[in-house]
Amino acid sequence: MLLHTCKLITALLFILFSLDSAAEVVIKMATVAPKDSVWHENLKKVDERWNLATNGQVRLRIYAGTLGDEDDILRRVRVGQLDAAAISTAGLSSIDSATQAMHIPLAFVSNEEMEYVRDGIAVQLEPVLAAKGFKVIAWGEVGWVHFFTKNPVATPDDLRKEKLFVWSNGDSSEGEKLWQNLGFNTVSLSSIDIMPALQTGMISAYQAPPLMALANQWFPFTPYMTDLKWAPLTGATIITESAWNKVPEQFRQELMRITNAEAVHLQKAVRELEREATAAMVERGMKIVPVDQAARNAWQATVEAVYPQIRGPVVPARYFDESIRLRDEYRSLHAAK
């Protein structure tokens, strides 16, 4: 009798364990952000809160800075090796170039303006990504892109003397052509190749937010940062529709709420850490190159001259126009304040 009871208990425990294992949904998510960076810590917090909200039924398995560039990550997502990714608009553009509407050079001047445009256009971009099989569960930001260079760069002509890294993510050929048509010396690489390219002298300049330049330790090779907000680098946390459908329906709304709440916290952290990262690099010898009004005018004229070539070939006209419309709307609403 005792032996029979023990066997019954063992069988029940096995069944319960099997049911529990079957009920757990593990979402495999990757980011190019380095381990222990602010973006990695954000994903860990999301996992912690998802775990609590679902009683352990939905978890994230996070791969930070280990699976290559954003194109590499998306390839893994498409073949089913990964379910989700936290990526920038550079990577999103390989899904659909409409997402580049958030990354128009010298179109935005402040965090508030950029946020207004991002929130306004996001509702139009989400169906575009959904049509490609991806659900956006949160939008975020990486920071303002600046030029980091081996030699001081204040004007477009200064930058033309450098060997400029351009991202090879997505369909980057049109963007690279624009740089080349403007007389810049470009080197198209994956972002994971920036460090060896800097070490060998293959490149002497790149575009990046200060946090990325510090986190990846690129800045010692480029001791100058141009005081010019080139463009905001935004991003999103995306998941395949098939993976999202595996999440029990009763949890989905709450998991979206949690992820968006953590995205708001991340945004505040990124903006504060961007200032701290810049200060930290200055303390270690980096110099910020001032850009006077004449130089700013030169940059603006250089960029706006190619807006007609960006609108369409790089950013679909509909989304380029909407981004500029939202920017102008924001400026109009705040002109009197």
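The values are calculated or read from the model by the stated rules, or taken from the named source; none is laboratory data. If you're wondering where the values come from, they're calculated on a predicted model, not measured in any experiment. Cβ coordinates were reconstructed from backbone atoms using ideal geometry, including for glycine residues, and neighbour counts include every protein chain displayed.
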Per-region count, region 187-215, residues within 20 Å of Lys229 (Cα to Cα) and of a type outside the set (Gly, Ala, Ser):
7
With the first residue restricted to region 114-137 and required to be over 16 Å from Arg327 (Cβ atoms), and the second required to be part of a helix (DSSP H, G or I) and among the acidic types (Asp, Glu), Cβ contacts under 9 Å at 6 or more apart or on different chains are Ala130/Glu241; Gly133/Glu241; Phe134/Glu241; Lys135/Glu126; Lys135/Glu241; Val136/Glu126
How about region 126-227: which helices (runs of 4 or more DSSP H) wholly inside it have at least 3 residues that are surrounded by fewer than 16 Cβ atoms within 10 Å (Cβ to Cβ)?
173-181, 194-200
Scan of region 47-82 for residues that are in contact (Cβ under 8 Å) with a residue 60 or more places away in the chain, more than 17 Å from the chain's Cα centre (by Cα) and buried (at least 19 other Cβ atoms within 10 Å of the Cβ), ordered by number:
Trp50, Thr54, Val58
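Within region 1-84, which helices (runs of 4 or more DSSP H) (wholly inside it) include 2 or more residues that are touching a helix residue (DSSP H, G or I) at 6+ places or on another chain (Cβ under 9 Å) and either under 18 Å from Thr237 (Cα atoms) or modelled with pLDDT of 95 or more (or both)?
Numbers: elements: 2-23, 38-53, 70-78.
So the answer is 38-53, 70-78.
Residue-by-condition table, conditions (1) closer than 30 Å to Gln217 by Cα; (2) of a type outside the set (A, V, I, L, M); (3) in contact (Cβ under 8 Å) with a residue 40 or more places away in the chain:
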position	(1), (2), (3)
Arg257	no, yes, no
Leu266	yes, no, yes
Lys287	yes, yes, yes
Pro313	no, yes, yes
Tyr319	no, yes, yes
Tyr330	no, yes, yes
Leu333	no, no, no
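Looking at Ala261, Ala243, which is the one that is touching a residue at least 24 places away in the same chain (Cβ under 8 Å), surrounded by 13 or more Cβ atoms within 10 Å (Cβ to Cβ) and among the hydrophobic types (A, V, I, L, M, F, W, C)?
Residue meeting the stated conditions: Ala243.
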Residue hits (region 307-337; buried (at least 16 other Cβ atoms within 10 Å of the Cβ), part of a loop (DSSP other than H, G, I, E, B) and out of contact with any Asp or Glu (no Cβ under 6 Å at 6 or more places or on another chain)) are Pro316
Test each condition in (1) in a helix (DSSP H, G or I); (2) touching a residue at least 40 places away in the same chain (Cβ under 8 Å) for Thr237 and report the one that comes out false.
(1)
